[in-house]
Amino acid sequence: MEENQKQQQFLVSSVSELTSSSSSLFSKTEPVFARLSLDSGSPELRIGQGAELSDAVVFNVKISQLFKLGPAESLCVSEANKEKSHSRGISIQFRNEEESRAFHCAFEQWKKEVVVQEPLNNGAVSTSKSKFDDKIEASSAKMYFHYYGQLLHQQNMLQDFVRTGTYYSAVIENRADFLGRVVVDVGAGSGILSLFAAQAGAKHVYAIEASEMADYARQLIAGNPSLNDRITVIKGKVEDVELPEKADILISEPMGTLLVNERMLESYVIARDRFLVQNGKMFPGVGRIHMAPFSDEYLYMEIANKATFWQQQNYFGVDLTPLHGSAYQGYFSQPVVDAFDSRLLVAPAVSHVINFSSVKEEDLYEIDVPLRFLSTVSTRIHGLACWFDVLFNGSTVQRWLTTAPGAPTTHWYQLRCVLPQPLYVMPGQEITGRLHLVAHKAQSYTIYLTLSALVGDMLQTSSVKLDLKEPYYRMSQPQAYSAAQDQNPSQLLQSDMQFPSRDDDGSILMQPPSPNELHSL
């Protein structure tokens, strides 16, 4: 297959007209090519010989259908239209099943191509809207795909050895789930997970990637000749692409900060509904968001002090104080992303479970988590700490990837929502509240957090609104902790199960959660 930005070309064995006793349309002295292109301004399939495809058979892709007649044989039928009162059909014989499969994928992609008549303002172009486009702002999507289309950001994720090593272990240790199976890699990025699946013996892997990273993935996969014949890279969104067959297993890394940031979980669920066979497996299959109140005077003062700049009454003759309140609120609207000492937690964590195999896409638009904790110390609560983990529920080994404080640090770190007004609590005191996440079109969530504690007859309540899209990246070492909080971290990290031991690669080896936990969504 030859490819550039304007065309894709495939070598075929033979082509025959259905109406001519299946005789070959071209001589056998020269190779026959099937070329998909936009040469005429509309997606078309040209089949002919030589560099110029002389005497080519031409099909308008928009009004044509492609059907499989056998492992390496396809039927292309052009529907009747105003110019032609009859349909036409040809049989295309490919050299092998893999080339036939690649052509079918490319044909469906070209069928969805939109002809751009002229550029719009600021270099934007006119495109047809997909389900993804309806949910996500164009500017956000452009920045998102640009970011993940760069090798330096892929390298950052690949060098997260906890992340990459856990995926590798989860796949290779569960070889039985992949051997001879069709796999779809959702948001394939560099193609590393597709290569892992092929190493585990997958029959074929469809690597779907919407960013320019798809081109790099093709290069990387082509450079691994023992695996590349079983991997097809498809450039496009999972909401839009078509596949020639269903998948037995989905693999993806759809997790963002707080598990749900970037809203890729929705694409993972859409891929499940579109491509996965009934009772097919998902790697990962379950995600959990863990939450616990924390006390961190250093962090609280660091954020509060940022707004002191706006308390100046004579800044070059200007009184800045009218903006102090807005600045103070603005700094507290940023979730803090860093690695913190688990001894800062003041109560056992609670969890919110998302079962990727059963959750509906719409369930991810708004997530509401009631909170209830019992304080273990006397202290000031400065907010809510959050982290997540995901389960690879393989047939042979169940493996967790965790971002918990105290576990080996990942590129996700942990997240903390800091309250503008701390709460005072005593040992054994109940803390209640609510964490409410509302998805927005910038591929993230607005966070509404409320925590309350009753002190005598007085109810303390503190609330904050945060934008998960705009975090404060505070990549420092865990801060010092209060002596009053010197307690067993494992008791605070998990309230309902034993704190897991780590394997050699830093990933977590555990039994799967209970059926009740798995079916909470």
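Looking at this model, which pairs from Lys235/Lys465; Lys62/Lys135; Lys142/Lys203; Lys135/Lys203; Lys135/Lys246 are more than 32 angstrom apart at the alpha-carbon?
Pairs exceeding the cut-off: Lys235/Lys465; Lys142/Lys203; Lys135/Lys203.
Taking a straight line from the alpha carbon of Lys111, these aspartates and glutamates sit under 16 Å away, with near neighbours fewer than eight places off in the same chain left out: Asp39, Glu44, Glu79, Glu239, Asp240, Glu242. Taking the Cα centre of the stretch 181-322 as origin and assigning +1 to Lys and Arg Cβ atoms and -1 to Asp and Glu Cβ atoms, the resulting dipole is close to 560 debye. The modelled label-to-label distance between Lys441 and Lys360, using points 7 Å beyond Cα along the C-beta direction, is 2.4 nm. Legend: calculated FRET efficiency, Tyr448 to Tyr147, from the Cβ-Cβ distance at R0 = 30 Å, rounded to 0.05, equals 0.65.
On the basis of the beta-carbon distance and an R0 of 45 Å, Gln199 and Lys465 show a calculated FRET efficiency of 0.50. The length gained on full extension between Tyr473 and Phe161, counted as 0.36 nm times the residue separation minus their Cα-Cα distance, comes to 110.3 nm. Distance from the Cα centroid of the stretch 154-211 to that of the stretch 264-330 is 30 Å (rounded to whole angstrom). Given their separation in residues at 0.36 nm each and the Cα-Cα distance between them, Asn60 and Leu374 gain 106.3 nm when the chain is fully extended. How large is log10 of I(q)/I(0) for the stretch 325-408 at q = 0.17, 0.19 Å⁻¹ when the intensity is taken from the Debye formula with one equal scatterer per alpha-carbon? So the normalised log intensities are -1.04, -1.18. Note on Ser139/Leu69: beta-carbon distance plugged into 1/(1 + (r/R0)^6) with R0 of 56 Å gives a FRET efficiency of 0.80.
Read the figures in this text as sums done on the coordinates, not as results from a lab. All values derive from a computational prediction rather than experimental measurement. Cβ: placed from backbone, ideal geometry, glycine included. Neighbour counts: every protein chain shown.
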